[in-house]
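Here is the structure we will look at.
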Amino acid sequence: MNDGFGHEVPARHAQRTHRQVSRYCIVIASTDGTLARLFLADRTQVAEFDAGTEEVAELIKTASASTGAQGAEWDRALAGHTAAERAAATVYTLDV
């Protein structure tokens with residue numbers, strides 16, 4: 001008799017590297033409505049969703065905020081937005 005009692009024993013767990021923690025949340029108006037976009041520290045986008053969700057409120061309630069994402073560091077990340085949208089955007093630096 002084996003330890004599986006007639007069932008296949010699961011394979012050993014393979015440890016993998018976890019995804020990095022999101023560092024920035026940008027709330028930005030667009031033609032589709034107001035969006036919340038999550039970015040890593042290197043400004044790589046990892047998520048985009050409706051800014052009206054309660055998850056966004058939870059994310060940003062303790063985060064520090066600044067208005068405008070016009071800096072060169074945001075050029076590639078926000079290339080699909082107009083200059084006016086970027087100027088009105090709110091950038092939240094999330095607690096890590």
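The values are calculated or read from the model by the stated rules, or taken from the named source; none is laboratory data. All figures in this text were calculated on a predicted structure; none of them were measured in a lab. Using ideal geometry, Cβ is built from the backbone for each residue, glycine included, and neighbour counts are taken over all protein chains shown. For accessibility, only protein heavy atoms count, side chains too; no ligands or nucleic acids. Shrake-Rupley method; radii C 1.70, N 1.55, O 1.52, S 1.80 Å.
Could you report region 16-75's accessible area per residue, 1.4 Å probe, as an integer in Å²?
Details: 3840 Å² over 60 residues.
Accessible area per residue, region 16-75: 64 Å².
What is the sum of charges, Lys and Arg at +1 and Asp and Glu at -1, for the other residues whose Cβ falls under 13 Å from the Cβ of Gly33? Neighbour charge sum, excluding Gly33 itself: -3. Rounded to whole numbers, the Karplus 3J(HN,Hα) couplings from phi for region 65-76 are 10, 9, 9, x, 10, 8, x, 4, 5, 9, 4, 6 Hz, using 6.51 cos²θ - 1.76 cosθ + 1.60 with θ = phi - 60°, and x at Gly and Pro.
Between Ala29 and Ser66, the simple spin-label model (points 7 angstrom out along Cα→Cβ) gives 2.2 nm. Here the chain is treated as an ellipsoid with the same Cα gyration tensor; its semi-axes, largest first and in whole Å, are 39, 14, 13. Note on the chain: helix-only mean residue ellipticity at 222 nm, from DSSP H runs of 4+ residues weighted -39500 (n - 2.57) and normalised by residue number, equals -3000 deg cm²/dmol. For region 25-73, the convex hull drawn through the C-alpha positions has a volume of 92 cubic angstrom per residue.
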